[in-house]
Amino acid sequence: MIPNRAADFEKFYEAHADKVRGLLFRLVGSEVLSDLTQEVFMKAWQHRDDFRGESHASTWLYRVAYNCAIDFLRKAGERSAPGKFWQNSLEKEVSHRQIVEMLLLELSWDHRTVVVLYYFEERPVREIGEILSIAEGTVKSRLSQARQKMTELLKMKGVEL
Amino acid sequence: MSDDSLKNYLRKNAQEIPEARPQEAVRIWNRMQQMQPVKSAWRWWVSSVMTAAAALIAFVYLRQPQKIESLEEEHLYREWTEMVQEVDADFEQEYVSTF
């Protein structure tokens, strides 16, 4: 499943890069996106023997990407500080795009991760549990709490869905 | 608010993911290849040091008991000789007093 030649690696990268980049971008932003993407694929390559095919390669890669993002944020000391982004935004000036961006920043790290994986990456609850090494029930409860928080914030901005 | 409408709203208004640099896969592959000689040189160095350390430990460890062993053997032999001499002496005395 995991390749061992340059051409195969390229195929492997092309098949999974969008998923990995998508998750990393929504979790850590664009500044370190390229560096972290490189790190994820290098780690995946170095530890390819650990992948035993018990789950999909994409699930395993999401897991590696998530761990890289966590490591980066730990080192940088950049866990989200909910509250500040929403309060600093002016009511009328923000576009829907900015609102979505702020919604994600307003969520705690745990909630943001499940929201990104569920709504943006469209992964099923079971797979999210595998990626984050948590129970399905925990995924569901985090999703429910995050949804509640996002609904409240959207109401504050006058967004009706 | 339904879950689908929230999902549609988030996806529709999400920031677009920046384009990857061209030839990103090739760049990553080359980087991994560059790192390999460093890694194997490091592995070679570590394994050499560990082998030398193991050989040294084995040499020291095996040398010590041999010394002790030979000392013990010598001591036991001396004790045995003394005991035999004592027994022989007792026996001779007993033999003399009997006859």
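With the helix formula -39500 (n - 2.57) applied to DSSP H stretches of n ≥ 4, chain A reaches a computed 222 nm mean residue ellipticity of -21500 deg cm²/dmol. Along the axis of the charge dipole computed for the protein assembly as shown (Cβ charges of +1 for Lys and Arg, -1 for Asp and Glu, origin at the Cα centre), the listed residues B:Tyr9, A:Ala65, A:Leu117 are led at the positive end by B:Tyr9. Find the centroid of the Cα atoms in region A:22-39 and in region A:54-78, then give the distance between the two in whole Å. If we compute the Cα centre of each part, the gap is 10 Å. A Förster distance of 41 Å, applied to the separation of the beta-carbon atoms of A:Glu122 and B:Gln36, puts the FRET efficiency at 0.65.
Once the dipole of the protein assembly as shown is set up with Lys and Arg at +1 and Asp and Glu at -1 on Cβ about the Cα centre, which of A:Ala76, B:Phe91, B:Phe59 lies farthest towards its positive end? Farthest towards the positive end: A:Ala76. With N counted as the residues of the protein assembly as shown, its alpha-carbon radius of gyration over 2.2 N^0.38 Å works out to 1.91. Computed extension gain for B:Asp88 through B:Lys12, at 0.36 nm per residue and net of the alpha carbon distance, reaches 16.5 nm.
Shape of chain B from the C-alpha gyration tensor: oblate (a/c of 1.5 or more and a/b not above b/c, with a ≥ b ≥ c the square roots of its eigenvalues). The distance separating the Cα centre of region B:1-50 from that of region A:122-161 comes to 26 Å. Sequence-ordered 3J(HN,Hα) estimates for region A:14-22 from the Karplus curve with 6.51, -1.76 and 1.60 and θ = phi - 60° stand at 4, 5, 10, 4, 4, 5, 4, 5, x Hz, glycine and proline given as x.
For chain B, the longest principal axis of the alpha carbon atoms and the long axis of helix B:3-12 meet at an angle near 80°.
Each value in this text was obtained by applying a stated rule to the coordinates, not by laboratory testing. No experiment lies behind these values; they were computed from the predicted model shown. So basically every Cβ, Gly included, is an ideal-geometry build from the backbone, and we count neighbours across all protein chains shown.
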